[in-house]
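The values are calculated or read from the model by the stated rules, or taken from the named source; none is laboratory data. What you are looking at is a predicted structure, and each value in this text was computed from that prediction instead of being measured. As a convention, Cβ positions derive from the backbone with ideal geometry for all residues, glycine included, and neighbour counts pool all protein chains shown. Remember, those area values only see protein heavy atoms, side chains included, never the ligands or the DNA or RNA. Shrake-Rupley method; radii C 1.70, N 1.55, O 1.52, S 1.80 Å.
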Amino acid sequence: MIRRLLATALLACALAGLSRTAVAEAPDQVSALCDGAAAGCSLRFDTRIMEGVAYPVVVTGNAGARVTVVVYQATLDGDTVTKLTAISTGGEVTVPNSGTATVNVAVPPIDDDLTGGWALVSLAGVEGTDTSETIGGFVPFGSRIPVLLGDGYGDRKPAGAVLDLQLVGTIPGSLFAVDYADDDGTWHDATAADPTTANTAAKSPADVATVAYEMPRGLDAKPYTFRLRNLTSGTADVTWAATPDATGDEEPRATLGTPPPVGEEVAEARNADQRPTALVKGVSAGVAGLALASVLVAVPLTSRRGRLDD
């Protein structure tokens, strides 16, 4: 009996040790800003982030702490964050005696290996994907390259049918087209109507946008390459394979997923209301109109291969 109790205790200690090592330690900047902060620590920012735009972030915490606010693009598999990629510039600030500072963070056009969807606004030094030991929060992220949620069918799609391809993580107002390549590699427009009527543009990166396209009749029953083109920026093709079929194979559309909480292990963290202050609203409104223009000018034509419902 005693041996069994000792073995159980040792196993419990080992498991506890494993659970502790699975959680990353707080980044140095989080410790500097938050440890012992009488009024707590927090970041306050806009309710959405888009590439090509600069945003003010309100930093609260220990006076004298020098920190860098960073925007990370988040890659999700379901509700699990699989990768965080820093995509912002600027953001350095030293907190004054008042304990509150405002700093501007710019999000340049991202490369074609990343998509919209979710972004994490946090501090420098976040490693891995554990967000329990840092502060900030996730916000919807708009990009030229959206997340494709699917059109209601798998690889086999009904010939002649008009399909509603759903997207999320777009820059508000963006319009898209769908093409397919014939046997010679020549692209043909498969958009179901004029882009202004075929598209249901999103008003926020969190909204689902749709583009109606048709699986053409008369094609051989073999895979064809289709692509989504961003008509607004002229960039970032996303491609997938589709086979014409009499009825097609119905398949539920994917969902974007919900990222985990942030700052659960930071005792001083305050979940600041992410609705922007008057200052944040004013600055964001001033630069939001430049978002599409800056993306269009700064990014050369690129292409990206992907699949529906990855």
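Across the range 138-244, C-alpha contacts under 8 Å between residues 6 or more apart give a mean separation that, scaled by the residue count, equals a relative contact order of 32 percent. Other residues whose C-beta falls under 14 angstrom from the C-beta of Gly61 contribute a net charge of 0, scoring Lys and Arg +1 and Asp and Glu -1. With the highest mean first, a sort of the peptides 220-230, 135-145 on other beta-carbon atoms found within 10 angstrom per residue produces 135-145, 220-230. The apolar share of the surface of the range 55-152, taken as the fraction of accessible area on carbon and sulfur atoms (1.4 Å probe, ligands and nucleic acids excluded), comes to 45 percent. Note that the range 228-272 presents 51 Å² accessible area per residue, ligands and nucleic acids not counted, probe 1.4 Å.
Each label point was placed 7 Å from the Cα along the Cα-to-Cβ direction; for Ser132 and Thr225 their separation is 4.5 nm. Full extension of the segment from Asp183 to Thr89, taken as 0.36 nm per residue of separation minus the current Cα-Cα distance, would add 29.4 nm.
To the nearest Å, what is the center-to-center distance of the range 70-126 and the range 245-259, using C-alpha atoms only? So the separation of the two Cα centres works out to 30 Å.
Peptides 28-41, 158-171, 114-127 ranked from most to least packed, by the mean per-residue count of other Cβ atoms within 10 Å: 114-127, 158-171, 28-41.
Extents of the range 108-231, largest first, come to 56, 28, 25 Å (Cα atoms, principal axes, whole angstrom).
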